[in-house]
Amino acid sequence: MNSLVPAGGTSLLIDGKLVPGGSGVFATINPATEEEIGTAANASADDMDAAIAAARAAFDGTEWSRDHAFRAHCLRQLRDAMRAHSEELREITVAEVGAPVMLTSGPQLEGPVTDLTFAADLAESYSWETDLGTAEQMGITSRRVIRREAVGVVGAITPWNFPHQINLAKLGPALAAGNTVVLKPAPDTPWCAAALGSLIIEHTDIPAGVINIVTSDDHALGARLTEDPRVDMITFTGSTQTGRSVMASAAATLKRTFLELGGKSAAVVLDDADIGTAVGFTAFSVAVHAGQGCALTTRLLVPRAAYDDAVAAAAKTLSGLRAGDPTDPGTICGPLISARQRDRVERYIEIARAEGGQIVTGGGRPADRERGYFVEPTLITGLPNTSPVAQEEIFGPVLVVIPHDGDADAIRLANESPYGLSGSVWGTDPERIERVVAGVRTGTLGVNGGLWYHADAPFGGYKQSGIGREMGVAGFEEYLETKLVASPA
Ligand code: NAD
């Protein structure tokens, strides 16, 4: 039995106590087997209300926001507790998320735990005050000091695809900056968040109310967080559609909203690139975690003259990557999170067929898997960049290949999207690469396989992919207010 998931199911964390949910429990499903593997506490509206009250009281009534060294100490305790329980966390992550176990030594678990070090160090090393010196206005000379302070109570709303990465990329900097937090994780992955609750209680000095974790199968509890006037800021990761609701609902109380949303990123392959490497890398990456990554390059833009070769190379890579058991260390493409998500992916494949596209490989459920929400890695060709499968986020292991007519056309196609999250460029000539880097409107870009993901690297979107940046110093400063204090000099 996993000590982080008690037999009666996981608990909520509210005001420093592990408590049952006011609405009972809800089932946790293993997406690779479709089996109910246990339950999580199902919070009621009253539970959410109590969590917000606790976070408000902890922010207003304790020294948490002013004691930088103590916060760094607490974050290191949380990191160490997660490391000490990494095998149990790994088991939960593979079972609940369907995450290939291979990825838990990276971004699905160990990477984000290590990234807590960056947040803890920042709490200690950050320049909380800047002396602006003196200035004279209307005969009064004043010394001015800029102070950076925590925003207050932060509502964190997260999705299911990389739960530890996203929960910790919000909790780490929000807490390091001195805020208190109410975390509302996705209904599909309550255990990853609830496990944090029990580790916090048992292994850290984090004061009561500083972190509250409210699991629920009801999206409406997320909406309550966005509406409540006691919450100062919402940090949200999820779909662009939900992001719009969050922003609209937060507007009533003019909350700061920090949004990490969807993507439909392009891999731009120039005609002097090594086509085999560029296409192989891109095709491989869309199958990782069954394509459930917001920043994956799911549109492959290749020179028209190299189109047939590129399609053949992509088909070879994707047909060699079978969707399989996430507990197998060789698997990179596991299941989709739910039947609903599989329906969504299959619907897009049907749209592609109906519009005259070719399904070059994949396109269905793997024949060797009787249960589980699996879809084969799929390659779609023969459709323009304006088609729904090239414009809308599918969030499955599906790659669309589109020909371009030169560098300018490739940049135009990459930008012909409501999204602007990420992308890649492949080529040889540095000047041509630079023109693409400057021309593509996205928050991150990889050049010739360069990886942008790291604790100190800001990540986020242009256009309808979001507002603000997560990770790095920029991600920490999202959680800060600026106060200017002037005194007579
Ligand atoms: P989702 O938008 O359906 O849900 C995200 C979270 O919002 C969940 O916790 C959900 O309960 C909550 N929620 C739903 N309705 C709400 C409302 N009206 N008010 C407040 N909260 C509400 O997203 P998902 O299906 O869980 O995750 C997949 C999406 O997340 C994809 O679009 C993906 O691109 C995006 N994503 C973005 C990033 C990024 O950093 N940009 C990272 C990972 C995932």
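Considering the stretch 121-147, and only residues there that are closer than 21 Å to residue 481 by Cβ and within 27 Å of the chain's Cα centre (by Cα), the residue that is most open to solvent (accessible area, probe 1.4 Å) turns out to be 124. Filtering 371, 353 for residues that are open to solvent by 40 Å² or more (accessible area, probe 1.4 Å), out of contact with any Leu (no Cβ under 9 Å at 6 or more places or on another chain) and over 23 Å from residue 311 (Cβ atoms) leaves a single hit, 371. Being open to solvent by 50 Å² or more (accessible area, probe 1.4 Å), more than 23 Å from residue 323 (Cα to Cα) and β-branched (Val, Ile, Thr), is that true of even one residue in the stretch 243-252? Checking the stretch 243-252: not a single residue is open to solvent by 50 Å² or more (accessible area, probe 1.4 Å), more than 23 Å from residue 323 (Cα to Cα) and β-branched (Val, Ile, Thr). Within the stretch 190-208, residues that are more than 13 Å from residue 17 (Cβ to Cβ) reach partners that are open to solvent by 20 Å² or more (accessible area, probe 1.4 Å) and aromatic (Phe, Trp, Tyr) with beta carbons closer than 8 Å, at six or more positions or on different chains, in the pairs 205/70. Of the residues examined, residue 194 is one that is part of a helix (DSSP H, G or I), open to solvent by less than 50 Å² (accessible area, probe 1.4 Å), more than 10 Å from the ligand (Cβ to nearest atom) and under 21 Å from residue 116 (Cα atoms). Taking the conditions exactly as written (buried (at least 19 other Cβ atoms within 10 Å of the Cβ), touching a residue at least 24 places away in the same chain (Cβ under 8 Å) and within 22 Å of residue 108 (Cα to Cα)), does residue 295 satisfy them or not? So residue 295 passes the test. Is one or more of the residues making up the stretch 320-333 small (Gly, Ala, Ser), open to solvent by 20 Å² or more (accessible area, probe 1.4 Å) and either touching a helix residue (DSSP H, G or I) at 6+ places or on another chain (Cβ under 6 Å) or free of Cβ contacts under 8 Å to residues at least 40 places away in the same chain (or both)? Yes: one or more hits.
Would you confirm whether any residue within the stretch 15-26 is part of a helix (DSSP H, G or I), closer than 30 Å to residue 370 by Cβ and out of contact with any Phe, Trp or Tyr (no Cβ under 7 Å at 6 or more places or on another chain)? No, the stretch 15-26 has no match at all. Cβ-Cβ contacts under 6 Å between residues 6 or more apart (or on different chains), taken from a first residue in the stretch 447-463 that is over 15 Å from residue 296 (Cβ atoms) to a second residue that is open to solvent by 70 Å² or more (accessible area, probe 1.4 Å) and within 16 Å of the ligand (Cβ to nearest atom), are listed as 462/441.
The values are calculated or read from the model by the stated rules, or taken from the named source; none is laboratory data. It should be emphasised that the depicted structure is a prediction, and the values quoted were computed from it without experimental measurement. Virtual Cβ from ideal backbone geometry, glycine too; neighbours counted across all protein chains shown. Only protein heavy atoms, including side chains, enter the accessible area calculation; ligands, DNA and RNA are left aside. Shrake-Rupley method; radii C 1.70, N 1.55, O 1.52, S 1.80 Å.
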